[in-house]
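The values are calculated or read from the model by the stated rules, or taken from the named source; none is laboratory data. Please read all numbers here as calculations on a predicted model, not as lab measurements. For neighbour counting, all protein chains shown are included, and Cβ atoms are generated from backbone atoms with ideal geometry for every residue, glycine included.
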Amino acid sequence: MLSSWRVSWRNLTRHKKRFLFTLIALTLGVTVMTSMLIAKYTFSNMMDEQEQLYAGEADFWIQSNEGFFDDSEIAWLEEREEIDEGVTALVKQGLVELETDVPAQRTVRFTGLSDFQSSIVPLPVKAGDTTEEGLIITENAAELWGKEVGDTVTFEDIGTLEVTAIVYEGPMLNSPQTFEAAFYQDFRVMVPLETLQSQNGLEGQISNFRFSVEEGADHQELLTAYDNEFEGASLFVQPIVVDNQQNNDIDSIYYVFDLIAILAVFISAFIAFNMIHTSIVERKREIGIMKSLGYTDGNVIRLLAQEISILAILGTVFGVSLGAWLGDTIQEVLITAIATQNIEYDVVFFVPIIISIIIGFLFPFVAASLPVYKAGKVPILEAMFEKDPSIRIDRLSKIRIVLGIVFTGIGLIDNVWAFLSLFIGLVLLFPLWMRLLQLIIGPLLSLLFGFSGKQASNSIKQFLRRNANTAAMLAIGVSLALFMSAALQDLPKGMEEEVQQTFGGDIHVEKETPWSEEELHALEEIPGVEMVYSAYEIPNITWYTSNDKLREFSIMSFSETTPQQFSIEEETTDSSELPEIYLGNRALAEAGVEVGDVWTLQTPAGAQDVFIKGRVLTSHYSNYVAFAEESTIKDRLNWPFSYKVMMDVASEGDVPTILAVVWEQFGASISGVNTLPLTIEKTTGGVKGIDDLFQFLLLLIIGIAAVGISNTLFMNTMERVKEIGTIRALGFTKGQVRFMIIAEGLFIGIAGVVVGTAYGILVIYLNSISADAQGLLDFAIPWVSLILAIAGGILFTLLASWLPSYTASRISVKEAIQYE
């Protein structure tokens, strides 16, 4: 007696081509899901590692609102028993001697460190020895400067230093990858503290003191104690926070990864559903015979479950294997596209693969649960004598229509995830769309293929629900491809407009020391400069989210006279005696607070309650920032000095000349220069870099849908073998049979493309008016992508139709008439 597993295998592979295409679809679905999860987890892990490298083992750090301070001012910390380890640092700007006339490309940020062996500041070594007294540079700087360990580098005002170590790029030390990137990013190097102090005449001066406390110490209690010590002083203490969200808005990337993974599995599940449902319908009489011989409902369900298990295991094994390779490739492309530095990272395989194995194994069971359950419960007489349901006149289910309308309505809600319901509504309503489209496409097929086209229209009606489900999968792929293409094309434009509206002036110049009145006057005298404004920005403000997670951002100043750096999205009419701030959208969402709430921040003035006056939209720090009036920052938050200025210029063409004068006058004291064009380029560059990657992934989604079309046509063909034999006996040629199957596939493809295009345009419109889109997307149809999506969808369909049509045309008349 054959084992039940061998029986299941024979049942599953009874129609080999159908089994093969279903397996391919499941494999591709798991492949895409696995690759997306690997990319997401690896990217997230890499960000956490980079942030942790910046934090090191330190718990707190002490800074001054004056920039530098004497290390004797914190001598009392040596008497504190809880102090475990500490490192003092001096941060100073400088210029490296290079063969270039552009000062911005020669800027260097020195960090003078008191202890190179401390765990407070971890340095990932690539070459050399970081414990030696000398110059430590990054691999980017080494490559651009053409230096190796043992070579010397000459700096203005510092002199010549020997390279003792080269380290990998990281948050503590990083440098631009190209000289073009050096326009808006400093080279960062590290030297012994005493060397930097003596060369700059800053003996005893430091910029910050990082330290760790003993394990088990109450951090909040210590923070309060330190605040009391610094009350009324220029020094202040902050917890060291692992939070890099000011520099990276990665939630949107994660959202796209999740979306593509969900849709890939969703489409694969529908293909599996079609195959399993058809298989059960074909074997209904067989199931009835099995029950008459003593099989119970549970026996039938178990036998079918074994078939699904085989399919799920094979699809998962192949899919996870391919997905691991694709995920590694995608991660490399992603890092290359958006990272500004070389980053060492480990690809995260374990958790994504475990999740993919679980989902890959379970989702075929979920997809097949209803038909398997019905197969187990079908009465014997009904199974033995009921006519094949595929020949019934297809009636649209009222429940399906009602549910389709409900889910479509939910999809119209303004939420980044709600529009997934729109796709569920698309699937549920697709039989209705198919019937409507048949009125238009049917005559076109008859005109194009003659009688073969007319027969194809009749066949579409015969398997309406199955064909509708298959076309719906293609429609989802097309609509998502259109939406993502529109977003990736229009988002840079929206981001550029946002930067222009909220950048604040034309040029930002930041110094390592406060701007004096004489220096501001000197800037105003530069030809082409129309106005100069002082700007105040407090970095590293820490706070707790509603989930007690420690975060940090910057607070920037505004006043009635300075250029606008944000637009108000929501504002309360209430007022408060507390300092009032405006929060960027992302910061407000992360904090879990609302406009009108009272919130506690750790500021240079210590722990400070503030009143959230409004919610704003800004291009600064990806909306992960706060704004307060200039007087509030100076008088109530203990930040009395302006280290940054904003400048209005007469014309954009004056910017290079003005910057040349600024560099000539202030030289190495400049810690940062930013201009409106450079900010636009930097802001939009990351989006443009990942355009091709996401387009490839969406093309893969359409490819999975095309596999489903081929599989459906195989099923349609095998259920009509006797019918095909009959029409062959009546005079149909092999070519006419082939054209009939191709016409069926073409109908499914056109329906999927037409409805997918309509839904894609709808999704583009909904996102253009969405509050979540923050005004970054306009309603614009990506015509090139639309043409490519239509052409690609139809081309995929024709390719998918070829093999089923070839198989159908080779069925002999005798075999077809005798087929059971």
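Quick notes
- Entry remark, region 578-595: residues being part of a loop (DSSP other than H, G, I, E, B) and in contact (Cβ under 8 Å) with a residue 24 or more places away in the chain number 5 in total.
- Test: residue in region 112-132 that is without any contact (Cβ under 8 Å) to a residue 24 or more places away in the chain, of a type in the set (Val, Ile, Thr), out of contact with any Cys (no Cβ under 6 Å at 6 or more places or on another chain) and in a loop (DSSP other than H, G, I, E, B): yes
Conditions (1) at pLDDT 95 or above; (2) farther than 20 Å from Phe627 by Cα; (3) among the acidic types (Asp, Glu), marked per residue:
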residue	(1), (2), (3)
Glu518	no, yes, yes
Ala522	no, yes, no
Gly528	no, yes, no
Pro539	no, no, no
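- Residue, nearest to the chain's Cα centre (by Cα), within region 442-463, restricted to residues that are aliphatic (A, V, I, L, M) and crowded, with 22+ Cβ neighbours inside 10 Å: Ile460
- Residue-level analysis places Gln185 outside the set of residues that are within 26 Å of Phe641 (Cβ to Cβ), touching a strand residue (DSSP E or B) at 6+ places or on another chain (Cβ under 8 Å) and crowded, with 19+ Cβ neighbours inside 10 Å.
- Helices (runs of 4 or more DSSP H) wholly inside region 183-299 that include at least 3 residues being within 36 Å of the chain's Cα centre (by Cα) and closer than 30 Å to Asn767 by Cα: 251-282
- Within region 563-572, the presence of a residue that is closer than 30 Å to Val649 by Cβ and at pLDDT 95 or above is excluded.
- Residues within region 87-111 that are of a type in the set (Ser, Thr, Tyr) and either not in a strand (DSSP E or B) or not assigned by TED's automatic domain parsing to the domain that holds Pro171 (or both), tallied: 1
- Residue that is closer than 22 Å to Thr675 by Cα and of a type in the set (Asp, Glu), where the choices are Asp648, Asp609, Asp635: Asp648
- Any hit, region 348-364, residues being of a type outside the set (Ser, Thr, Tyr) and modelled with pLDDT under 80: no
- Residue, surrounded by the fewest Cβ atoms within 10 Å (Cβ to Cβ), within region 768-787, restricted to residues that are in a helix (DSSP H, G or I) and at pLDDT below 75: Val784
- Leading residue by the ranking (modelled with the lowest pLDDT) among those in region 374-433 that are closer than 26 Å to Ser279 by Cβ, within 43 Å of the chain's Cα centre (by Cα) and in a loop (DSSP other than H, G, I, E, B): Asp394
- Filter result for Ser575 (within 23 Å of Lys634 (Cβ to Cβ) and without any contact (Cβ under 8 Å) to a residue 40 or more places away in the chain): yes
- Complete set of residues in region 152-170 that are surrounded by 18 or more Cβ atoms within 10 Å (Cβ to Cβ) and in a loop (DSSP other than H, G, I, E, B): Ile158, Tyr168, Glu169, Gly170
- Residue satisfying condition, being over 30 Å from Gly703 (Cα atoms) and either modelled with pLDDT under 90 or not small (Gly, Ala, Ser) (or both), within set Phe257, Phe273, Phe266, Phe187: Phe187
- Residue within region 626-642 that is buried (at least 17 other Cβ atoms within 10 Å of the Cβ), at pLDDT below 90 and not in a strand (DSSP E or B) present: no
- Leading residue by the ranking (surrounded by the most Cβ atoms within 10 Å (Cβ to Cβ)) among those in region 92-151 that are under 28 Å from Leu659 (Cβ atoms) and among the small types (Gly, Ala, Ser): Ala141
- Test for Val532: is it in contact with a helix residue (DSSP H, G or I) (Cβ under 8 Å, 6 or more places away or on another chain), buried (at least 18 other Cβ atoms within 10 Å of the Cβ), modelled with pLDDT of 75 or more and not in a helix (DSSP H, G or I): yes
- Hey, Gln564 surrounded by fewer than 17 Cβ atoms within 10 Å (Cβ to Cβ), outside any loop (DSSP other than H, G, I, E, B) and out of contact with any strand residue (DSSP E or B) (no Cβ under 7 Å at 6 or more places or on another chain) or not: no
- Scanning region 174-202 for residues that are touching a helix residue (DSSP H, G or I) at 6+ places or on another chain (Cβ under 9 Å) and under 21 Å from Val87 (Cα atoms) returns Asn174, Arg188, Val189, Val191, Leu202.
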